[in-house]
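Take a look at the structure set out below.
The values are calculated or read from the model by the stated rules, or taken from the named source; none is laboratory data. What you see is a predicted model; the values in this text were computed from it and never measured. Here the Cβ positions follow ideal geometry from the backbone for every residue, glycine too, while neighbour counts run over all protein chains shown. Side chains included, ligands, DNA and RNA excluded: accessible areas come from the protein's heavy atoms. Shrake-Rupley method; radii C 1.70, N 1.55, O 1.52, S 1.80 Å.
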Amino acid sequence: MRTYLLVGFVLIVAGTVLAEPVISIDSIEELQLIGNDPEYPLDGKYMLTADIDASTTSTWNDGQGFAPIGSITIVWPGIAYPIGFNGHLDGQGHKITNLQIHRTPALTASSHERVFIGLFRAIGPDGLVENLHLENVEITGLRNVGGLAGENKGLIRNCSVSGHAQTTSEDWTGNLGGLVGLNSGTGTIVQSNTAGTLTGTLYTDSVGGLVGTNLGIIRESQSSSAVTGTHYVGGLAGRFGGDPNFKENLSETLSLALIACHASGPVTGKGSVGGLVGGIVTYSDMAPLLENCSASGAVTGTGDYGFHIGGLIGTGSNGTTLVHCAASGDVTGREEVGGLIGYIESITTVFQCYATGNVTGEGNYCGGLVGHLGSDLVQCFATGNVTTNGEYVGGLVGFAAQGKIQDCYASGQVHGRSLVGGLVGWSEHLSPLVNSYAVGAVSSEINLPNGFSVGGLAAVSLIYENSFWDMETSGQESSGGGQGLNTSAMKQKATFKDAGWDFLFTWGIEEGLSYPCLQWASPSCEGDDTLSVTIQGGAVVRASAGKAHTFRAEVSDAVGSVAYQWYFTGADKAAVPISGANESVYAILGVTDTDAGLYYCEAVDDHFTASSTPVELVVLDALPLSSIWTLLILAALLTLAACRCASWIIEN
């Protein structure tokens, strides 16, 4: 018998407001009733009231285990769609342990019953599942397989899955995820995580620690799962983006985003393999965004293929934007291997991103940040070492086909067969090097007769502007582009500032001690703080009690608009902001003894904050009233005496 809890939902019946019943769930048997019993509808409201041990599911349905919530509709031979859950399930922080679902050819004859596999076959557009945790799950299916759901079109919030999920060995399988197999266009996943192992068989594409394929939005989520697959294999998402032949899975807004997500597990696959995302696939007006995302697990591309292998992303696509992303795991592959991205296409922006892992390849196009570049790199850097037996090898980029490289640097050691550069192996005319530098040791196995074998900055760079390399640390006195300098000159601000580098907003340097650093990457990397504030009148000013006094602040070298705040330090030695003192002028209408102390003004422009030197206000005491009357009487007496003296002189 089901139990109702009158919590959180309301109905209006005949003018009376009634609480809509929430069905409580405290056993795996009750959970299995959802969608299979009229009293447990797929659009109902449910709440777990206890932890659930699902160990008994291992023997259910002749070994097939728990039947995923929902059903399958066959719309065409070979094409099936799920009927999903459009209700609300609140786990209230409870966990379901030891859940087993096995949909294999040996146990399930129909291939349609082997797709959309998970606790839910699908979560519909109106569905919400939250605060639910699955532990030690064992799940097997053919396609669209996830621990929580085969597909998500609704909202998943604060959920987790640990255990093992895998696909069956058949001709083609895909979309295997620790949490969800396919996160469709309207699907949103927030503050959720996975741990365990994901195993795709020989023919499995789109395998990810959290989701197999993402066509929606994922925020503040992470995975520590170990992930293995064939193509499009990622620590968080196997595939990011969609195929134009499957537009029904996309939302009209095409809002594809990964925001504040992280993956830490090892990732292994044959092609398009990444620490966070295996591959990004876009078309027409898609514009995927990755912001504040990172990956730290080792990434390995295996077999004779082994192309497009990256610490964060294996394959990037048109229209993608990466902002504030990072990768720190070591990366190993065959060709087009990068510490952050293996291969990325045009019309893409990579802004303020970095990689610190070592890169090892067997063939061409290997780079500390990007193996094969077709996009802009702005304010990026790589510090890992790069080693391969092939050509087109760089500390930052192996081969730059197009897209500018601006305000970037590389510091790792670089070694390859030939066409090896400290920053870039080969830079085409559509990929200029601007305001960038390299300092790592550079070496090659062979020397080409045309001199293109190795270079301190680049083996070949067709366009370069104000870019440098350290001749001493690189071991190279020549380069296919840029200017070589000794170590001392590379640590002087004047070297770069004279070349037009921006030390206001972009670069900083510890004079004589460090190479230029990027301000965004480290709080200790300070640029030229040009804003200054002074208070007129000197270090000490005096004002008489009862009189008015005005402080005036002068600002120089401000960038944009300026906001002011005046501060006062009195007898208690604590500086406090003065309420309402938000202009360049601060006036005290009637000075008193309590106004004596230190005053300073803080100014904030569009980039900097500066404070003036404190000015001390000394209050001059006024005479007491009794003293004033005494002086007035004395003055009157003196006046009277003077008059009498004058009269005596006249009379005599």
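In region 130-139, is there at least one residue being of a type in the set (Asp, Glu), in a loop (DSSP other than H, G, I, E, B) and closer than 27 Å to Thr49 by Cβ? Within region 130-139, not a single residue is of a type in the set (Asp, Glu), in a loop (DSSP other than H, G, I, E, B) and closer than 27 Å to Thr49 by Cβ.
Restricting attention to region 531-543, the residues that are touching a Leu at 6+ places or on another chain (Cβ under 7 Å) and open to solvent by 50 Å² or more (accessible area, probe 1.4 Å) total 1. Of the candidates Gly597, Gly580, the single residue that is small (Gly, Ala, Ser), surrounded by 14 or more Cβ atoms within 10 Å (Cβ to Cβ), on the phi > 0 side of the Ramachandran plot and modelled with pLDDT of 90 or more is Gly597.
Of all residues assigned to region 571-583, none qualifies as being touching a strand residue (DSSP E or B) at 6+ places or on another chain (Cβ under 8 Å), within 30 Å of Ala489 (Cα to Cα) and assigned to a loop (DSSP other than H, G, I, E, B).
I'd like the residue in region 269-289 that is modelled with pLDDT under 95 and under 14 Å from the mean Cα position of the chain (by Cα) and, out of all such residues, is most open to solvent (accessible area, probe 1.4 Å). Here the answer is Leu289. Picking from residues in region 385-425 that are charged (D, E, K, R) and open to solvent by 30 Å² or more (accessible area, probe 1.4 Å), the one that is nearest to Gln476 (Cα to Cα) is Arg417. Scanning region 212-238 for residues that are in contact with a His (Cβ under 9 Å, 6 or more places away or on another chain), aliphatic (A, V, I, L, M) and in contact (Cβ under 8 Å) with a residue 60 or more places away in the chain returns no hits. What do you reckon, is Asp470 of a type in the set (D, E, K, R), open to solvent by 60 Å² or more (accessible area, probe 1.4 Å), modelled with pLDDT of 95 or more and under 30 Å from His429 (Cα atoms)? No: the conditions fail for Asp470. Scanning region 309-360 for residues that are over 15 Å from Thr387 (Cα atoms), among the polar types (S, T, N, Q) and out of contact with any Asp or Glu (no Cβ under 6 Å at 6 or more places or on another chain) turns up Thr315, Thr320, Thr321, Ser328, Ser346, Thr348, Gln352.
Tell me, yes or no, whether region 114-131 has at least one residue that is among the aromatic types (Phe, Trp, Tyr) and at positive phi. Scanning region 114-131 turns up at least one residue that is among the aromatic types (Phe, Trp, Tyr) and at positive phi. Among the residues of region 365-414, those identified as charged (D, E, K, R) and more than 17 Å from Gly333 (Cβ to Cβ) are Asp376, Lys404, Asp407.
The one condition from (1) more than 20 Å from His164 (Cα to Cα); (2) open to solvent by 50 Å² or more (accessible area, probe 1.4 Å); (3) not in a loop (DSSP other than H, G, I, E, B) that Pro125 does not meet is (3). Right, Tyr305: aromatic (Phe, Trp, Tyr), in a strand (DSSP E or B) and open to solvent by 40 Å² or more (accessible area, probe 1.4 Å) or not? For Tyr305, the condition - aromatic (Phe, Trp, Tyr), in a strand (DSSP E or B) and open to solvent by 40 Å² or more (accessible area, probe 1.4 Å) - is not met.
Considering only region 210-228, state which residues are over 21 Å from Gly124 (Cα atoms) and either open to solvent by less than 10 Å² (accessible area, probe 1.4 Å) or of a type in the set (S, T, N, Q) (or both).
Hits for region 210-228 are Gln222, Ser223, Ser224, Ser225, Val227, Thr228.
Within region 504-528, the set of residues being surrounded by fewer than 18 Cβ atoms within 10 Å (Cβ to Cβ) and without any contact (Cβ under 8 Å) to a residue 60 or more places away in the chain comprises Glu510, Glu511, Gly512, Leu513, Ser514, Ser522, Pro523, Ser524, Cys525, Glu526, Asp528. Looking at Ile34, Ile72, just one residue is in contact (Cβ under 8 Å) with a residue 12 or more places away in the chain, under 20 Å from Gln92 (Cβ atoms) and either in contact with a His (Cβ under 8 Å, 6 or more places away or on another chain) or surrounded by 14 or more Cβ atoms within 10 Å (Cβ to Cβ) (or both), and that residue is Ile34. Only residues that are part of a loop (DSSP other than H, G, I, E, B), modelled with pLDDT of 95 or more and open to solvent by less than 10 Å² (accessible area, probe 1.4 Å) were counted in region 247-268, giving 2.
Within region 544-574, can you find the residues that are hydrophobic (A, V, I, L, M, F, W, C) and either surrounded by fewer than 14 Cβ atoms within 10 Å (Cβ to Cβ) or more than 17 Å from Thr613 (Cβ to Cβ) (or both)?
If the condition is that a residue be hydrophobic (A, V, I, L, M, F, W, C) and either surrounded by fewer than 14 Cβ atoms within 10 Å (Cβ to Cβ) or more than 17 Å from Thr613 (Cβ to Cβ) (or both), then Ala545, Ala548, Ala558, Val559, Val562, Ala563, Ala571, Ala574 are the ones that fit.
Residue count for region 548-561, restricted to those that are closer than 14 Å to Thr534 by Cα and in a loop (DSSP other than H, G, I, E, B): 2. Does at least one position in region 430-437 carry a residue that is assigned to a strand (DSSP E or B), open to solvent by less than 60 Å² (accessible area, probe 1.4 Å) and touching a Leu at 6+ places or on another chain (Cβ under 9 Å)? Among the residues of region 430-437, at least one is assigned to a strand (DSSP E or B), open to solvent by less than 60 Å² (accessible area, probe 1.4 Å) and touching a Leu at 6+ places or on another chain (Cβ under 9 Å), which makes the answer yes.
Selection of region 38-68 for residues being open to solvent by less than 50 Å² (accessible area, probe 1.4 Å) and free of Cβ contacts under 8 Å to residues at least 24 places away in the same chain yields an empty set.
Does region 4-27 contain at least one residue that is in contact with a Gly (Cβ under 6 Å, 6 or more places away or on another chain), open to solvent by 50 Å² or more (accessible area, probe 1.4 Å) and modelled with pLDDT of 95 or more? Taking every residue of region 4-27 in turn, none turns out to be in contact with a Gly (Cβ under 6 Å, 6 or more places away or on another chain), open to solvent by 50 Å² or more (accessible area, probe 1.4 Å) and modelled with pLDDT of 95 or more.
For region 184-209, the tally of residues that are in contact (Cβ under 8 Å) with a residue 40 or more places away in the chain, buried (at least 24 other Cβ atoms within 10 Å of the Cβ) and not small (Gly, Ala, Ser) stands at 2. Checked against the criterion of being out of contact with any Phe, Trp or Tyr (no Cβ under 9 Å at 6 or more places or on another chain), surrounded by fewer than 20 Cβ atoms within 10 Å (Cβ to Cβ) and of a type outside the set (Ser, Thr, Tyr), the candidates Glu345, Glu362 yield just one match: Glu362.
Checked against the criterion of being at positive phi, out of contact with any Pro (no Cβ under 7 Å at 6 or more places or on another chain), at pLDDT 95 or above and open to solvent by 40 Å² or more (accessible area, probe 1.4 Å), region 476-492 has no qualifying residue. Considering region 80-122 alone, what residues qualify as being open to solvent by 70 Å² or more (accessible area, probe 1.4 Å), at pLDDT below 95 and not in a loop (DSSP other than H, G, I, E, B)? Hits for region 80-122 are Tyr81, Ile83, Glu113. Taken over region 119-163, the residue count meeting the criterion of being of a type in the set (Ser, Thr, Tyr) and more than 25 Å from the chain's Cα centre (by Cα) is 1.
The residue pairs whose first member lies in region 81-97 and is farther than 15 Å from Ile23 by Cβ, whose second member is of a type in the set (Val, Ile, Thr), and whose beta carbons are closer than 7 Å, counting only pairs six or more residues apart or on different chains, are Tyr81/Thr73; Tyr81/Val75; Pro82/Ile72; Ile83/Thr73; Gly84/Ile123; Ile96/Ile52.
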